[in-house]
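Peer 1: Below is the structure I would like to discuss, written out as structure tokens.
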Amino acid sequence: MDIAECVTRSCTTGWLDWIHGELWLTPTGLLRRRLTLEESRSHGFGPTVTEPLGRADVAEFDLERLPAEHPTNKVILFAEVSHARLVRGVTAHGLRLRMRDGERHKLLWLTRDPAYRILGEALQAALGDRLHQAAGRLRKA
């Protein structure tokens, strides 16, 4: 059984996307699943998750159907990532991804969520030298 962990519930796909989504870390990639406007408003400035993180069996996600349910839903496989950059911000941290086929993804989340720290460790292990960090090195949140 592969386990997914919800690292944030404040994930957006860019500065013009105001509806939050859940960002799940799986052994083979990332899943972004859109939430509702009401759920987004309830998050305030976060945090939107607490540790221990919410967990689910990856089999509970329909990986083929998820992206078709909404344009901002994502299934991002680590094997398809050619370049990733973790970015720290004042109100939001982010992850910019370039895929082997040229497609690009931007994921942003509230700084009060533990996603930067968790993703920094997981992506370093999964991506190796394909991961770059804007500050030059991983800093603990």
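Coordinate-derived values only; no laboratory data. Since this is a predicted model, take the numbers as computed values, not measurements. Every residue, glycine as well, gets a Cβ built from its backbone with ideal geometry; the counts of neighbours run over all protein chains shown.
Peer 1: For segment 3-135, what does the relative contact order come out to in percent, with C-alpha contacts under 8 Å and a separation of six or more?
Peer 2: Relative contact order, segment 3-135: 27 percent.
Peer 1: Quick one: dipole size for segment 3-135, taken about the Cα centre, charges +1 on Lys/Arg Cβ and -1 on Asp/Glu Cβ, in debye to the nearest 20.
Peer 2: Its charge dipole is roughly 540 debye.
Peer 1: Can I ask one more? On the Cα set of the chain, report Rg and Dmax in Å, please.
Peer 2: 13.9, 39
Peer 1: Tell me, which longest segment in the chain has none of the GluC sites (Glu not before Pro) that fall in DSSP loops with at most 11 further Cβ atoms within 10 Å?
Peer 2: So the longest stretch without any such site is 1-63.
Peer 1: Please give the length that would be gained between ALA79 and PHE45 if that part of the chain were fully extended, namely 0.36 nm times their separation in residues minus their C-alpha to C-alpha distance (nm, one decimal).
Peer 2: Additional length available on full extension: 9.0 nm.
Peer 1: Within segment 32-134, list the chymotrypsin sites (Phe, Trp or Tyr not before Pro) lying in a DSSP loop whose Cβ has at most 10 other Cβ atoms in a 10 Å radius.
Peer 2: Passing both the DSSP loop test and the Cβ count: PHE45.
Peer 1: Projected onto the charge dipole of the chain (+1 at Lys/Arg Cβ, -1 at Asp/Glu Cβ, origin at the Cα centre), which of TRP109, VAL87, PRO47 gives the Cα projection farthest towards the positive end?
Peer 2: The listed residue farthest towards the positive side: VAL87.
Peer 1: Moving to a separate point now. Towards the positive end of the charge dipole of the chain, with charges on Cβ (+1 Lys, Arg; -1 Asp, Glu), say which of ALA4, LEU131, ILE118 has the farthest Cα.
Peer 2: Most positive-ward Cα: LEU131.
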